[in-house]
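One structure is given here, and the rest of the page talks about it.
The values are calculated or read from the model by the stated rules, or taken from the named source; none is laboratory data. Nothing here was measured: the structure is a model prediction, and the numbers come from that model. Cβ placement follows ideal geometry from the backbone for every residue including glycine, while neighbour counts extend to all protein chains displayed.
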Amino acid sequence: MATAYDEEAQRLFEQARNAPYLAKGEDRELGLTMLSGGKAGDKARERLIASHERLVISIARQFSKSGKPLSELISDGKVGLVQAANKYDASRGTSFSTVATWWIRAAIQNSALGADDCADMPPSAKRKLYRIQQAERALLESGQEVSDAAIARALKLSEVTVQRLRAVAPNAMLPTASLDEIVGDGDTTLGELIADENSVDPDASVQHNQMKRALSLALSSLDERQRVVLSMRFGLVDDQEVTLQDLADRYGISCERVRQIEIRALAKLAAGPHAQLLRSILQA
C-alpha cells in the first residue's frame, strides 16, 4: 500500500503519526491560551495545529481521485488548518476539530476541484447555496446550532428551500475568502461555482441526509461511547466516515473491540423505538 503514495506524502504521513494527541477538552484550553497571546499563546497555537495534522491526512485522502498528488492536497489542507487556528474562538464553546474540518475541507476542495467543476444547477440556486454555506459557517464559528431552521431564519428563506439545496449538495464547502472575487465579465463570484464534491445523484443525496437525520434521532437511546462510534462510522461527524482503525487509535483499544461496540449499538437501535423509521429509509 505504501507505494500508492509519493515520497512526500509518506513523509507527511510519518509527521502526522508523530503528532501529539489532545486530552478531552484540551483543544478549548489551548484555544483560550491562544487568545491571551504572548509566548504561551504561540506555543498553544503550535500544539493545536500539530495535533490536528491527522485530520488533514484523513480529509485529503477523500480527494485522492482528483488527479492531484496527495502530498499537494495535504499541503493545501495544512493551509486550511492554519486558517482554522486563526479563526478559532474557544470562548464560544465550539470544538476546534469542528472548525478545522470546515477550513481544511474547503482548502482541499478548492484546490482539488477548481472553479470549473460547477454543479449543474441554475444560477439562482447557486447563489442561494452560496448564501446557505456562508450562513452555515457564520453559525458554526459563533458556536450556534447549524440546522436547516437556523439557516432559514438567518437568510429569510423557507426551510424547505434550505433543506432541498443542502440535500442536493450536502458536502459542498464554502471556500476561502479569496473566492469572493468576481470571475469573467459578469458579476458571478468564484464561490458561486462550488460543486458537490461527489457529483452524486440528487435522490441518493436526499436519502443519505434522511438517514443521517434518522440516525441522529435514534442515537439518543445509546450510551456515549456507542453514540460516538456510530456517529463517526456513519459520517454524522463532519461528514467523514471513520474507519475501525481510526476509532481504535482514538480510544486506545483493538479494532475488534470497536466492532463489538458497533454491533451492540446497531442491535440496540434495531430493537429501539426508531427501528421502523431507519428500516423504511434503508428500504427506500
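On inspection, GLU46 qualifies as among the acidic types (Asp, Glu), part of a helix (DSSP H, G or I), at pLDDT 90 or above and surrounded by fewer than 24 Cβ atoms within 10 Å (Cβ to Cβ). Residues in the stretch 19-67 that are farther than 25 Å from GLY252 by Cβ and over 22 Å from the mean Cα position of the chain (by Cα): LEU32, THR33, MET34, LEU35, SER36, GLY37, GLY38, LYS39, ALA40, GLY41, ASP42, LYS43. Scanning the stretch 49-70 for residues that are part of a helix (DSSP H, G or I), small (Gly, Ala, Ser) and closer than 17 Å to PHE13 by Cα returns ALA50, SER58, ALA60, SER64. Being in the same structural domain as ASN18 (by TED's automatic domain parsing) and surrounded by fewer than 16 Cβ atoms within 10 Å (Cβ to Cβ) is not true of ASP76.
From LEU30, LEU55, which residue is in contact with a Lys or Arg (Cβ under 7 Å, 6 or more places away or on another chain) and surrounded by 21 or more Cβ atoms within 10 Å (Cβ to Cβ)? So the residue among LEU30, LEU55 that is in contact with a Lys or Arg (Cβ under 7 Å, 6 or more places away or on another chain) and surrounded by 21 or more Cβ atoms within 10 Å (Cβ to Cβ) is LEU30.
In this structure, is LEU12 crowded, with 17+ Cβ neighbours inside 10 Å and closer than 18 Å to ASP249 by Cβ? Here the answer is yes, as LEU12 does meet what is asked.
If a residue has to be part of a helix (DSSP H, G or I), modelled with pLDDT of 85 or more and of a type in the set (Ser, Thr, Tyr) to count, how many in the stretch 1-43 make the cut? Count: 2. The set of residues in the stretch 130-168 that are at pLDDT 80 or above and not in a helix (DSSP H, G or I) comprises SER147, LYS156, LEU157, SER158.
Only one entry of THR98, THR94 meets the criterion of being hydroxyl-bearing (Ser, Thr, Tyr) and buried (at least 19 other Cβ atoms within 10 Å of the Cβ), and that entry is THR94.
When we screen LEU70, LEU81 for residues that are touching a residue at least 24 places away in the same chain (Cβ under 8 Å), within 22 Å of TYR130 (Cα to Cα) and of a type in the set (A, V, I, L, M, F, W, C), the only hit is LEU81.
Of all the residues in the stretch 71-108, those that are closer than 17 Å to GLU136 by Cβ, part of a helix (DSSP H, G or I) and small (Gly, Ala, Ser) number 6.
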